[in-house]
1. Of the residues Thr100, Thr79, Thr104, which is surrounded by 15 or more Cβ atoms within 10 Å (Cβ to Cβ) and among the hydroxyl-bearing types (Ser, Thr, Tyr)?
2. For the range 144-168, name all the residues that are at pLDDT 85 or above and in a loop (DSSP other than H, G, I, E, B).
3. Can you tell me how many residues in the range 48-92 are touching a helix residue (DSSP H, G or I) at 6+ places or on another chain (Cβ under 6 Å), at negative phi and in a loop (DSSP other than H, G, I, E, B)?
4. Confirm whether Thr59 is touching a strand residue (DSSP E or B) at 6+ places or on another chain (Cβ under 7 Å) and loosely packed, with under 13 Cβ neighbours inside 10 Å.
5. In the range 38-47, what residues are farther than 14 Å from Cys88 by Cβ and not in a loop (DSSP other than H, G, I, E, B)?
6. Report, by residue number, each residue of the range 203-227 that is assigned to a strand (DSSP E or B) and within 13 Å of the chain's Cα centre (by Cα).
7. Would you pick out the residues in the range 228-254 that are within 30 Å of Pro189 (Cβ to Cβ) and more than 14 Å from the chain's Cα centre (by Cα)?
8. Taking the range 223-248, which residues are out of contact with any helix residue (DSSP H, G or I) (no Cβ under 8 Å at 6 or more places or on another chain), among the hydroxyl-bearing types (Ser, Thr, Tyr) and at pLDDT 95 or above?
Amino acid sequence: MRCRIALWGFLLVLPSAAAPADPPPWLNAMQVIQASTQVAHQVPGSKGDFVVAPQPYDTQIKQWVTLVKPDTGPGFLVTIDEATGEVCARFENTDGCAATGTVTALVEQAKAVARARDEARRTPPPDADGLVITLLQSLAEKEPATPRPISHWYITLMRPDGTPADPSPRVLASLHIPGADLFPGSKAPAAPPGTTATMDVRYSVDVPLRRPDGNYDVNLGYYCGPVCAGSTTYVMAHDAHGWRIVSHTQNWVS
């Protein structure tokens, strides 16, 4: 069974995380989609593909609500209650849940991230510019060697409070990406990616979060069109020689 995600009235921000003063909600867009989809798969009688349409967090009922319409069978709702952790797929005008799940672990993880963001605000990592340079320069190794149109990279750095900032002149001057011209994120054109003559890519580097082992988790998101987006978490270490990438995990891609 496959699903098609319909982001009707739903703003997807890359990357996304809750700040301590913001919750509820604790979860972000992709976590809601993934949790809703997992429970939707378990609903009896739902066959074929289905459309998943997440809604913005409902502040009145303090829940997430996702609309699900299978190719075969009636549509239903999936609700997510962050306070209890319950995920419930329910048909209209019926009692009880047709399928259930839990987001308790996700909520606890989100709270831990919020605490780490607060710590990052009070104690930023050493040589933050060097971290960004090392991270983005690593992408040059993944670029194809064949000639192609010039790419325009618009780079945004996220502050601990979730607000965007432009990279420093040092970052832009130090990066050398073959086939790409680099710009601060604030210079990105109004037209969405995919509608201009060049290949525009918006990169967003989230605030580095210190891990218990002393290394840092850094989320890197990109967007270059409706079906050209993704998010990866990099583990980065700092020593006398500067920053290096320890490992990376792809969170999602479209």
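The values are calculated or read from the model by the stated rules, or taken from the named source; none is laboratory data. All figures in this text were calculated on a predicted structure; none of them were measured in a lab. Note that we place each Cβ from the backbone using ideal geometry, even for glycine, and neighbour counts take in every protein chain shown.
1. Going through Thr100, Thr79, Thr104 in turn, the sole match is Thr79.
2. Of everything in the range 144-168, those that are at pLDDT 85 or above and in a loop (DSSP other than H, G, I, E, B) turn out to be Arg159, Pro160, Thr163, Asp166, Pro167, Ser168.
3. Total satisfying the criteria: 1.
4. Answer is no for this residue.
5. Lys47 - this is the single residue of the range 38-47 that is farther than 14 Å from Cys88 by Cβ and not in a loop (DSSP other than H, G, I, E, B).
6. Tyr203, Ser204, Val205, Val218, Asn219, Leu220, Gly221, Tyr222, Tyr223
7. Selection gives His248 alone.
8. Answer for the range 223-248, where residues must be out of contact with any helix residue (DSSP H, G or I) (no Cβ under 8 Å at 6 or more places or on another chain), among the hydroxyl-bearing types (Ser, Thr, Tyr) and at pLDDT 95 or above: Thr232, Thr233, Ser247.
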